[in-house]
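Beneath this line is the structure, given in structure tokens, with notes to follow.
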Amino acid sequence: MKLKCLALHLCTACCVLAAQSALADDKEKISAGVVKVGILTDMSGPYSALSGQGSVVAAKMAIEDFGGKVLGKPIELVYADHLNKPDIAASKAREWFDTDKVDMIADLVTSSVGLAVQQIARDKNRITMNSGAATTALTNKNCSPTGVHWAYDTFAMASGTGKAMVQEGNDTWFFVTADYAFGHALEGDVSNVVKARGGKVLGSVRHPLSAPDFSSFLISAQGSGAKAIGFANAGTDLINAIKQAREFGINKKQKLASLLMFVTDVDSLGLDVAQGLYLTEGFYWDLDNDTRAWSRRFFSRQKKMPTMIHAGVYSSLMHYFKAIQAAGTDDATAVMAKMRELPVKDFFAKNGKLRADGRMVHDMYLAQVKAPSESKYPWDYYTIKRVIPGDEAFMPLEKSECPLVKK
């Protein structure tokens, strides 16, 4: 009888140990037993309308649509306002990675923020999926084995808007540029397009983020005599610059080039002010049935149509979750390998692919803002002039300075 009891005791102990071992193995597959993602964005500043709370809504939609779990473990979301300051963003990223066990950070609007956080994530072997920042440095000289650039970049903006305007005969340019990494990169990429097609850059002025007044910058632009004034800025800076340019009547003799404009910017300006402007987009809500279906769901929560950043956040998170599922772990190296292996096929990118440098290549769209008389319903703002194939829209790998690219 004692032997039977001892055997039963040993058997029970083995079962307990086996269960504990299985639980430990399961936890190792998913670090800390939870997949935790962070949205680090501008919640209160010049880019809050085109990213901000809308990016949080998009992330929540992605988590819900994936079922709230991956590999049987819950997906959790944290988010914070980086105030467009790289030091604040870097501090929050370290806290999330070290203390809160965040696995991946997305959005990262503002190029200086994106660059700072991507470097920290690289050092800690964590993933960043950047839909908000524009600089090509993220996948060029500052590329990272755990860094992904999803929605757009300055090269794509130049390939679309800059090229189209030069082809229309606007061969002399003057730039009004945001004085940080994004503005410098955008001015540089568009300048290269202008010069490559025989045009000239007559000069530029640089303004601080959230400039209170653009009068002096616009006077310089007007005085240059350039055929095109390129606004290498975004958000409220772009909105205010275009409004003041229209008030000064600059648009009557010189073309205004909105080098990074979002659907929320057009909504803020109104079609009477924005009409005729060219812009390059990675996403438009009214493109097809799939984009309309998702965008209307987004609108029901946010009361605004989504930007390409919002759509990019959703798309990038869904791809990340799929990669974890396919890899059987949330280990950054394994997940990155799966993300590069899996195709991107959703409403955002019909034929997307993630390259070795971290650039997600997909089609872009050259659009022109409609006149008020052309708009048939709310948010009917664009005429799509051209689909720009992904391999044309983004920097070719052979031109990349990324050390991850084999040449």
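Computed with a 1.4 Å probe on the full set of protein chains, the accessible area for Val37 sits at about 0 Å². The trypsin sites (Lys or Arg not before Pro) of region 163-253 that DSSP puts in a loop, and whose beta carbon has at most 15 other beta carbons within 10 Å, are Arg197, Lys253. Taking all Cα pairs closer than 8 Å and separated by 6 or more residues, the relative contact order of region 127-286 comes to 23 percent. Applying both filters, DSSP loop and at most 15 other Cβ atoms within 10 Å, to the chymotrypsin sites (Phe, Trp or Tyr not before Pro) of region 34-108 eliminates every site.
Send over a whole-number figure in Å² for the accessible area per residue of region 24-79, probe 1.4 Å.
Working: 2090 Å² over 56 residues.
The answer is 37 Å² per residue.
The overall shape of the chain is prolate: from the C-alpha gyration tensor, with semi-axes ordered a ≥ b ≥ c, the ratio a/c is 1.5 or greater and a/b exceeds b/c.
Computed from label points 7 Å out along Cα-Cβ, the spacing between Asp267 and Ser220 is 3.3 nm.
How large a share of the accessible area of the chain, in percent, is made up of carbon and sulfur atoms when the probe is 1.4 Å and the other protein chains stay in place? Before the final figure, lay out the partial values.
Values: 8700 of 16460 Å².
Heavy-atom surface of the chain belonging to carbon and sulfur, 1.4 Å probe: 53 percent.
Annotation: amide H of Val70 within the under-5 Å range of Ile75, sequence separation 5 or more or interchain, hydrogens built in the peptide plane. Across all directions, the average flat footprint of the convex hull enclosing the Cα atoms of region 84-171 is 6.1 nm². Among the trypsin sites (Lys or Arg not before Pro) in region 265-338, those located in a DSSP loop and surrounded by at most 14 other Cβ atoms within 10 Å of their own Cβ are Lys303.
So for region 94-151, averaging the separation of alpha carbon pairs under 8 Å that are six or more residues apart and normalising by length, what relative contact order in percent results?
For region 94-151, the relative contact order is 35 percent.
Each of the GluC sites (Glu not before Pro) that DSSP puts in a loop and that has at most 15 other Cβ atoms within 10 Å breaks the chain; the longest unbroken stretch is 169-400.
Excluding ligands, DNA and RNA, the accessible surface per residue across region 121-231 is 33 Å² with a 1.4 Å probe. Angle of helix 86-98 to the longest C-alpha principal axis of the chain, folded into 0 to 90 degrees and rounded to 10: 10°.
What percent does the relative contact order of the chain come to when contacts are Cα pairs within less than 8 Å and at least six residues apart? Walk me through the numbers before you get to the answer.
Numbers: 810 pairs, mean separation 70.8, N = 407.
Over the chain, the number comes to 17 percent.
Of His184, His362, the residue with the largest accessible area leads and the full order is His184, His362 (1.4 Å probe).
Using the 1.4 Å probe convention, the accessible area of region 258-334 works out to 30 Å² per residue with neighbouring protein chains retained.
The values are calculated or read from the model by the stated rules, or taken from the named source; none is laboratory data. For clarity, every value in this text was computed on a predicted model and none was experimentally measured. We place every Cβ from the backbone using ideal geometry, glycine too, and count neighbours over all the protein chains shown. For the accessible areas, the whole protein counts, side chains as well, though only heavy atoms, and no ligand, DNA or RNA atoms are used. Shrake-Rupley method; radii C 1.70, N 1.55, O 1.52, S 1.80 Å.
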